[in-house]
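> Have a look at this one.
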Amino acid sequence: AQSVTQLDSHVSVSEGTPVLLRCNYSSSYSPSLFWYVQHPNKGLQLLLKYTSAATLVKGINGFEAEFKKSETSFHLTKPSAHMSDAAEYFCVVSRLYYGGSQGNLIFGKGTKLSVKP
Amino acid sequence: DAGITQSPRHKVTETGTPVTLRCHQTENHRYMYWYRQDPGHGLRLIHYSYGVKDTDKGEVSDGYSVSRSKTEDFLLTLESATSSQTSVYFCAISVGRNLSNYGYTFGSGTRLTVV
């Protein structure tokens, strides 16, 4: 069975400092992994996705994530935080039913990122 | 989000009344999903559809039903609303079977309050 754990419910950084949001996954299949961002009172937007190609995945707004199979991790990073990055971030793993005919997304519980001026 | 709209955006209803939320897409995508979002739980799948008249339950389906009579519309009905169904509801669509190549596109959400 697939599952995903976001290790921090809240992360606070200062503007201009690096961002690290941690995610560990469990999957009996080779997983597809995603990061979504949700700004206050908005829907969810796809930041980036890992689909068994390059292990370092670059997304929008300067974010990137590295798939580490040995550590079952998919941490999200950004070199320099901006005020507009303040939002909630969700790590997501796809769940493939037997036969792979349909997948569903399993969401982590979210990490709220605060950015201080 | 472009191509997917949810209605209403906000609703307050009384306990015991039926409520229907609508998700409409213009992308002609086959797969549609209903999620609820609650603090500390992330998003949890309620029901999904893999085609017209083809639906299946997600992990939190009790008290909810869905219908999909047209490709573009996916309706979520709370048969008799309870306070535990106060939540933000998101509809999502995906373009293909192989999710390794696609993510989901989400609607802007419906905030439902049951009093």
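The values are calculated or read from the model by the stated rules, or taken from the named source; none is laboratory data. Treat the numbers as computed from the prediction; the structure is a model and nothing was measured. Heads up, the Cβs are rebuilt from the backbone with ideal geometry, glycines too, and the neighbour counts pull from every protein chain shown. Just so you know, the surface numbers come from the protein's heavy atoms only, side chains and all, with ligands and any DNA or RNA stripped out. Shrake-Rupley method; radii C 1.70, N 1.55, O 1.52, S 1.80 Å.
> Against the conditions (1) touching an Asp or Glu at 6+ places or on another chain (Cβ under 9 Å); (2) aromatic (Phe, Trp, Tyr); (3) open to solvent by less than 30 Å² (accessible area, probe 1.4 Å), where does B:TYR35 fall short? Just the number, please.
Against the list (1) touching an Asp or Glu at 6+ places or on another chain (Cβ under 9 Å); (2) aromatic (Phe, Trp, Tyr); (3) open to solvent by less than 30 Å² (accessible area, probe 1.4 Å), B:TYR35 comes up short only on (1).
> Sticking with this one: Name, by its number, the condition in (1) under 25 Å from A:GLN6 (Cβ atoms); (2) open to solvent by 50 Å² or more (accessible area, probe 1.4 Å); (3) free of Cβ contacts under 8 Å to residues at least 24 places away in the same chain that does not hold for B:VAL52.
Looking at each condition in turn, B:VAL52 falls short on (1).
> While we're looking at this one, here's another question. Taking region B:6-29 as the region of interest, how many residues are assigned to a strand (DSSP E or B), touching a residue at least 60 places away in the same chain (Cβ under 8 Å), out of contact with any Lys or Arg (no Cβ under 6 Å at 6 or more places or on another chain) and open to solvent by less than 70 Å² (accessible area, probe 1.4 Å)?
6
> From the list A:PHE90, A:PHE74, A:PHE63, exactly one residue is within 28 Å of B:CYS91 (Cα to Cα), within 12 Å of the chain's Cα centre (by Cα) and at the interface with chain B (Cβ under 9 Å from one of its Cβ atoms). Which is it?
A:PHE90
> Of B:THR82, B:THR86, B:THR71, which residue is away from chain A (no Cβ under 11 Å), more than 12 Å from the chain's Cα centre (by Cα), surrounded by 15 or more Cβ atoms within 10 Å (Cβ to Cβ) and farther than 14 Å from B:ILE4 by Cβ?
B:THR86
> Next question. For region A:57-94, how many residues are in contact (Cβ under 8 Å) with a residue 24 or more places away in the chain, over 25 Å from B:ASP38 (Cα atoms), assigned to a strand (DSSP E or B) and not hydroxyl-bearing (Ser, Thr, Tyr)?
Within region A:57-94, residues that are in contact (Cβ under 8 Å) with a residue 24 or more places away in the chain, over 25 Å from B:ASP38 (Cα atoms), assigned to a strand (DSSP E or B) and not hydroxyl-bearing (Ser, Thr, Tyr) number 3.
> Another question, then. Restricting to region A:26-44, name every residue that is closer than 28 Å to B:ARG9 by Cβ and either away from chain B (no Cβ under 14 Å) or buried (at least 17 other Cβ atoms within 10 Å of the Cβ) (or both). Give the steps one after another, and end with the answer.
Step one: list which residues in region A:26-44 are closer than 28 Å to B:ARG9 by Cβ, which gives A:34-44.
Matches in region A:26-44: A:PHE34, A:TRP35, A:TYR36, A:VAL37, A:GLN38, A:GLY43, A:LEU44.
> Test each condition in (1) charged (D, E, K, R); (2) touching a Ser or Thr at 6+ places or on another chain (Cβ under 8 Å); (3) surrounded by fewer than 20 Cβ atoms within 10 Å (Cβ to Cβ) for A:LYS58 and report the one that comes out false.
Here A:LYS58 clears every test but (2).
> Next up: Having 1 or more residues that are in contact with a Ser or Thr (Cβ under 7 Å, 6 or more places away or on another chain) is the bar; report the strands (runs of 3 or more DSSP E) wholly within region A:1-52 that clear it.
Fully inside region A:1-52 and qualifying: A:3-6, A:10-14, A:19-21, A:23-26, A:44-50.
> With respect to B:THR77, is the statement that it is farther than 20 Å from A:GLY43 by Cβ and assigned to a strand (DSSP E or B) true? Walk me through it before giving the result.
Working: farther than 20 Å from A:GLY43 by Cβ: yes; assigned to a strand (DSSP E or B): yes.
The answer is yes for B:THR77.
> Quick check on region A:99-112. Is at least one of its residues touching a helix residue (DSSP H, G or I) at 6+ places or on another chain (Cβ under 8 Å), open to solvent by less than 30 Å² (accessible area, probe 1.4 Å) and facing another protein chain (nearest Cβ under 10 Å)?
No, there is no match, as no residue in region A:99-112 is touching a helix residue (DSSP H, G or I) at 6+ places or on another chain (Cβ under 8 Å), open to solvent by less than 30 Å² (accessible area, probe 1.4 Å) and facing another protein chain (nearest Cβ under 10 Å).
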